Amino acid sequence: QVQLVESGGGLVQAGGSLRLSCAASGRTFISYAMGWFRQAPGKEREFVSSISWSGGSTNYKDSVKGRFTISRDNAKNTVYLQMNGLKPEDTAVYYCNADLKLRVGPRMNYWGQGTQVTVSS
């Protein structure tokens, strides 16, 4: 009923930039925090960044602070992740996450299908 669709991933050289987008669509819902996680081959999925509904509160994994910036456009039900100064260590599948509640239903976490980010040295 609710889908999160990521886009913007791709192949980039070290030091380059990418902007990921995640659009939420479906039935009417109330959105709380949204964010990004990532998972590299053979490793556990890890937190990258999150943002509150108002955009007034943001959090980042220590290793991406100063390089990544999260933002959202509530009119478009979309969250973004601007990634600058990319490093090979950033290579992973990036997943959008949303904490939301349907008009009639429980508050739950939803996940996107993931978008591949590959950074070459």
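Considering only alpha-carbon pairs that sit under 8 angstrom and 6 or more positions apart, the relative contact order computed for the stretch 1-102 is 37 percent.
Under the convention that each Lys and Arg Cβ holds +1 and each Asp and Glu Cβ holds -1, the size of the dipole of the stretch 40-121 around its Cα centre is about 260 debye.
Converting phi to 3J(HN,Hα) with the Karplus coefficients 6.51, -1.76 and 1.60 and the offset θ = phi - 60°, the stretch 75-92 yields 5, 9, 6, 10, 10, 10, 9, 7, 10, 10, x, 4, 10, x, 5, 7, 4, 4 Hz in sequence order, with x at every glycine or proline.
Applying the criteria of a DSSP loop state and at most 11 other Cβ atoms within 10 Å to the trypsin sites (Lys or Arg not before Pro) of the stretch 15-120 yields R27, K43, K65, R103.
Kirkwood radius and radius of gyration were both taken over the C-alpha atoms of the stretch 20-71, and their ratio Rg/Rh is 1.01. Dimensions of the stretch 1-88 from C-alpha coordinates, computed as largest minus smallest value along each principal axis and given longest first, are 40, 26, 23 Å.
The alpha-carbon positions of the stretch 75-121 define a convex hull whose volume is 91 Å³ per residue. Cross-link reach is defined here as a Cα-Cα straight distance under 22 Å, omitting same-chain residues fewer than 8 places apart; for K87 the lysines meeting it are K43, K61, K65. Placing unit charges on the Cβ atoms of the charged side chains and taking the dipole of the chain about its Cα centre, the candidate lying farthest along the positive direction among Y94, S120, A40 is Y94.
Straight-line cross-link partners of K101 among the lysines, defined as a Cα under 19 Å from its Cα and at least 8 positions apart when in the same chain: K76.
Every number here is computed from the coordinates shown, using simple stated rules; none is lab data. All values derive from a computational prediction rather than experimental measurement. Note that each Cβ is placed from the backbone with ideal geometry, even for glycine, and that neighbours are counted across all protein chains shown.
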